[in-house]
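The values are calculated or read from the model by the stated rules, or taken from the named source; none is laboratory data. Please read all numbers here as calculations on a predicted model, not as lab measurements. FYI the Cβ positions are ideal-geometry reconstructions off the backbone, even for glycines, and counts take in every protein chain you see.
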Amino acid sequence: MGTVTPFPVPAARAAAQIGFERAELTRILDLYGRMVAAGHWRDYAMDMGRDAAIFSAFRRAAERPEFRIEKRPALRGRQGMWALVGEGGAVLKRGHDLAAVLAPVERRLLKLVAE
């Protein structure tokens, strides 16, 4: 019998796409659902790329996203792989824990319900 030689795969193609894990996406969509129920958000978009996975929340579909939740695993050892980016593009919160990064939006939800 012949020898089977595996086809070489470049190392750069090993991580071709970054995505959200089930628990992370559940946490994000739970927050999104509560913001929709409060009447604050109406649409969302997800972008899975080579460098980052991004969840964008919109007040209206035709605008820029009010918040972007970004997961960048390359920054895991530095500032943290999670970032909350505002409408103007400024990083509002960065960290290693998703719950801590989502805290400013959670507080905003509490203020919306209290009014």
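Side notes on the structure shown:
- Residue within the range 56-75 that is loosely packed, with under 14 Cβ neighbours inside 10 Å and among the polar types (S, T, N, Q) present: no
- Residue pairs whose Cβ atoms lie under 6 Å apart, separated by 6 or more positions or on different chains, with the first residue in the range 33-52 and without any contact (Cβ under 8 Å) to a residue 40 or more places away in the chain and the second surrounded by 13 or more Cβ atoms within 10 Å (Cβ to Cβ) and part of a helix (DSSP H, G or I), are TRP41/MET35; TYR44/TYR32.
- Residue within the range 1-21 that is over 22 Å from ARG64 (Cα atoms), assigned to a helix (DSSP H, G or I), at pLDDT 90 or above and not aromatic (Phe, Trp, Tyr) present: no
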